[in-house]
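The next block holds one structure in the form of structure tokens; read it before the comments.
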Amino acid sequence: MIPNFHKVNDELYRGGAPTVHDVIHLKDKYDINKIVSLDEFSGKRIDKVCKLLHIKHIMMPIDIAKRSSLLKFLSHDIVDMVSHGPTYIHCQHGKDRTGLAMALYRCEHDGWSCKRAIKEAKSFGFGIGVDPMIVALYERIIKKSCGCADTNDVNSAYDIVSNEQSNPSNNLGYTLDALEQINWSPYSDYRVREFPFSTIDSEWPEQYNNRQDRGLSDALYVDTGEIPQVGTYDQNTNGINGSGPSLVGTGIL
């Protein structure tokens, strides 16, 4: 069963990532002839079956780590994107990216207020388990689209994202408000290892040995004969602890 599956109107359905069998069911029961995928992984998984069933498949993934993906999404007319259906639009869980898309659709196509559109989005779990600053960004975009936030020009929603700038001071990579409007989300925190070691989750490869793996300290490197730090980010903004990778510092010990 597709998570968060819901009928928006006679020509539009929304929900989470469908399996191959779900796509067949959508075609047979709901006569779906178009699917819009806002999640890249699940979209690629169903692309072949969509072609076999002659379902138009639009890949429009929104990746919160890539500002350009949201800009690309906002550059398209959401009403046109999900029209000429019956259409099914989805992300991974059918709540946040789908919630954003459907709230924009409600404001632009159905004439809803952003308050009503956001309330509906939250009824499907919009914002639950997501960084509050990401949710705040999505809500600002929705408010701009309905015209209650200074202008009724939907292109201003595009401007909200395009005006975000990188903040070099903390690498936390979140989107802040007003006077603190500084960066997109979420950049890698240089204090966190690039690839967490796991023997269970095969999606994450093992990283190279580093000082922590060998029970050594992450303090400033002192020539004590210990193995230099390798494969972890430098945690000291004033210098290098080891041979990298590092987002700060200028060289290799």
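Derivation of every value follows stated rules applied to the coordinates shown; laboratory data play no part. Please read all numbers here as calculations on a predicted model, not as lab measurements. All Cβ positions, even for glycine, are placed from backbone atoms using ideal geometry, and neighbour counts span all protein chains on display.
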Hey, with R₀ at 35 Å, roughly what FRET efficiency would Ala65 and Lys122 work out to, going by the Cβ-Cβ distance, to 0.05? 0.90
Taking amide hydrogens as modeled 1.01 Å from N in the peptide plane, which residues meet the under 5 Å criterion relative to Val8, leaving out close sequence neighbours? Tyr13, Arg14
For Lys51, go through the lysines and keep the ones whose alpha-carbon is under 16 Å away, minus same-chain ones fewer than eight residues off. Lys27, Lys34
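Cα-Cα pairs above 15 Å in the stretch 48-119: how many percent?
The calculated P(r) of the stretch 48-119 puts 60 percent of pairs beyond 15 Å.
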What FRET efficiency, computed as 1/(1 + (r/R0)^6) with R0 = 30 Å and r the Cβ-Cβ distance, is obtained for Val79 and Met133, rounded to the nearest 0.05? 0.60
Of Ser37, Ser69, Ser83, how do they rank once you tally other Cβ atoms within 10 Å and put the fewest first? Ser83, Ser69, Ser37
